[in-house]
1. What does the copy distance list look like for A:GLU31, label position 7 Å along Cα→Cβ, in nm and ordered from shortest?
2. Using R₀ = 60 Å, calculate the FRET efficiency as 1/(1 + (r/R₀)^6) where r is the Cβ-Cβ separation of A:SER365 and A:ALA86; round to 0.05.
3. Taking only the C-alpha atoms, wrap a convex hull around region B:245-290 and report its volume per residue in Å³ as a whole number.
4. Using only Cα atoms, what is the ratio of the radius of gyration of region B:67-231 to 2.2 N^0.38 Å?
5. Give the nm distances, rounded to one decimal, from A:VAL93 to the matching residue in every other copy, measuring between label points 7 Å along Cα toward the beta carbon; shortest first.
6. May I ask you to give the solvent-accessible area per residue for region B:67-231, in square angstrom, as obtained with a 1.4 angstrom probe?
7. Under the Karplus relation 6.51 cos²θ - 1.76 cosθ + 1.60, θ = phi - 60°, what is the ordered set of whole-Hz ³J(HN,Hα) values for region B:271-282, x standing for Gly and Pro?
8. Output the Cα-based Rg and Dmax of region B:373-447 in Å, rounding Rg to one decimal and Dmax to a whole number.
Protein chains: 2
Amino acid sequence: MGAMDEHQYEMKLEGALNLGCMKTGMEIEPEIQAAVRILLQGLGEDVDREGIKKTPLRVAKALRDGTKGYKQNVQEIVEGALFPEAGLENNRVGQAGGVGGLVIVRDLNLYSYCESCLLPFQVKCHVGYVPSGQQVVGLSKLSRVADVFAKRLQNPQRLADEICSSLQLSIRPTGVAVVLECLHIDFQSGGWEKLMVSSGSGVFQDQKDVNNNNIWTEFFSLLKIQSSVSGNTQKRINSISHWCPSEASETSTIPPSGMISAVTSMLRALGEDPLRKELVGTPTRFLSWLMNFQICSIEKKLNAFAGNMLEPNMKANGEVKCNMKAYSELNLPLWSMCEHHLLPFYGVVHIGYFSAEEINPTRKSILQEVVHFYGSKLQVQERLTKEIAETVAPFLGGDVIVVAEASHTCMLSRGVEKFGSSTATVAVLGRFSTDSEARALFLGSLP
Amino acid sequence: MGAMDEHQYEMKLEGALNLGCMKTGMEIEPEIQAAVRILLQGLGEDVDREGIKKTPLRVAKALRDGTKGYKQNVQEIVEGALFPEAGLENNRVGQAGGVGGLVIVRDLNLYSYCESCLLPFQVKCHVGYVPSGQQVVGLSKLSRVADVFAKRLQNPQRLADEICSSLQLSIRPTGVAVVLECLHIDFQSGGWEKLMVSSGSGVFQDQKDVNNNNIWTEFFSLLKIQSSVSGNTQKRINSISHWCPSEASETSTIPPSGMISAVTSMLRALGEDPLRKELVGTPTRFLSWLMNFQICSIEKKLNAFAGNMLEPNMKANGEVKCNMKAYSELNLPLWSMCEHHLLPFYGVVHIGYFSAEEINPTRKSILQEVVHFYGSKLQVQERLTKEIAETVAPFLGGDVIVVAEASHTCMLSRGVEKFGSSTATVAVLGRFSTDSEARALFLGSLP
């Protein structure tokens, strides 16, 4: 009955709205929309700008969808999907079917919201249980129950524990095991924080030392994870409250109190208690990330490399075209923020150009600076690509191709949930816009 | 506004139902539920059996969700998500941003229903367009529009054409390109039918010969598909109506007319015209697949290898335990049908056993027969694993471990859409149920 529960939930949310209201969208989570407008203003944005004027509505809907687990009921999801299933015939020694036959559902792609910084994090979820009482549960319910708890503000260990204990309570099997492989964007370092956590009940809990617990070893064998189980155990103890990169990085600047109040009101609108100890620092941490994208910080960065930037590539411009060769700078890391959903997107930028000789290391580092510079504001990938191309063209000789390849967090969170999808955008200037052979050569060289 | 459109659709469907009706579920697509009951009876099943008594409701909901695209409107999805985006600055030669800057969204996982046989097929969808008129569309809308047409009864080429032309109409760009990589279960051969199709409009259509069209070459470069583009073109001409494996295989037996009428009424309930030429043979093709799982056919197959089956492994039973060695048969192909949703699941079965010597090739082929045999009826994976273990145990010496690993179509279609997830089930008999070292050895040897 899981699907119907979701329909009921949506009806409850939307049911009171007539079509007119839906068109303006003002009635959807008005506190969150008001808070997002304050945040946009705090970034120095014009909240009536076409690209972002509906961002408050989009963020409100994304957060509502991303936290709908608060209003879902596990018991109702599971109780319609428990099926009688016999164990082994009487005269046999062993475990199978509805009595003791281990069941594992692997590689469920979920996402959740980090309670520390409000950014979504990815979860590869593996759930196992040992049936008892001659009954099994419909396989999709393991996924649905996991999603109920993923769609809340979470940290990995609590997420694993909540999935585990709710399945134990609702199915009442001999034991439940949950392993989560979590990936959190580390915006400061431009990398990822990875964490594997586990949670067990019943036979998976009886032996506290995971290293010597055979059923855990078997579970990991079937997950095909060559896991250092001891490493896993250690994580359980130490990393619960410190896995979010924003907790490690101390910020010197204190965000405006109006913005802090705005984020606090968002937490309250989602049904959370902003005074819960894990959430007390969340508004500050969220804002210390968000403020990387404020308009004023961009101009500051621009000045830092403007001197080098504005000096054109004289040598290249002075040569005749036949001496020009194609060069490329590939895989320049890209991090930016989608202005439609206030969610990060990340990937790489590739730049191709014609020149008499390859640019020197100083100019190469400037290319990375330019990518970083245009990533550091609210963006759409199409505009970002165009801006990089226009900025680097003068000092690369004018003939430039820029390809950005990025994964968008907004394509995996919200209703879309297109895990594994990515976006490529292209900008071509000068010779690259007319010479299809040059374009093909460059595109064929991409990693 | 895509998410709201879906809510409206769900409200329209469910809105008239009060909570009491929802509990019984009888009001959801009653024609489909009635048809599914006829099909279950035709398979020789007891429609009141606990495991399948709600199958008509589940199938009705799965089909309704899987064909909701008939009631969705592309224009409404796109029109709220067109954003102004400048092209290059005036004095520059080239293409970028909202004028000419190619945008590609890659690797969107979708599924659709084959209009030829009603089985779901997987689609990896790649969409590109060349913006014009200083506007771009929100990236997620490319995915949402593709899904509108995927959620209908389809064949790959029409799916690609409909996605392409609707994006062309609603965004009005310089051109749209769609490439679909489709995978259809080939139940007869135990493999997959793969097909790549493409569709182009505007600049992607101007040059009809795909081989010499540079913009197509660039598009494929960015998809990182080393495609034989000519092969692709050929497919476009020849394979549209013959890609579904059920069209190639002629069946000698004609299914009961009551079952044919039942499938026809399902098509009508989905809003399709059963007389549309692509659908005329669909009920027969669907049933020729379905009838592989009828109860009576199982007993027939049982007799074919009962003689060999029932002869126990005397040699193994006569030896003392210390001479026994562990052997395994890995990767026995498995195809079966989920009794909860009437959707296929497929994968491999691994069998481990203790014996004085490895079983001979005849007995090995019997193991595959047993797997095939228990796959050939409505199943749940837990029971299938148990039944295989119980059947092979006597003639493998009694100490047996069976692991089934399978992907369930019901986990990717319907609301779940957990692409890439898989399920492992385990049954252990005799020594394997007590000897954790033996279990670990076997599980560690799995591919």
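1. In ascending order, 4.7 nm.
2. Numbers: r = 68 Å, r/R0 = 1.13.
With a Förster radius of 60 Å, E is 0.35.
3. 75 Å³
4. Region B:67-231 yields a ratio of 1.07.
5. Inter-copy label distances (nm, one decimal, shortest first): 8.6.
6. It amounts to 33 Å² per residue over region B:67-231.
7. For region B:271-282, the Karplus-derived couplings read x, 8, 9, x, 8, 3, 4, 6, 9, 4, x, 4 Hz, x marking Gly and Pro.
8. For region B:373-447, the Cα-based Rg and Dmax read 14.4, 44 Å.
The values are calculated or read from the model by the stated rules, or taken from the named source; none is laboratory data. Nothing here was measured: the structure is a model prediction, and the numbers come from that model. All Cβ positions, glycine included, derive from the backbone under ideal geometry; neighbour counts span all protein chains shown. Keep in mind that these areas ignore ligands, DNA and RNA; they rest on the heavy atoms of the full protein, side chains included. Shrake-Rupley method; radii C 1.70, N 1.55, O 1.52, S 1.80 Å.
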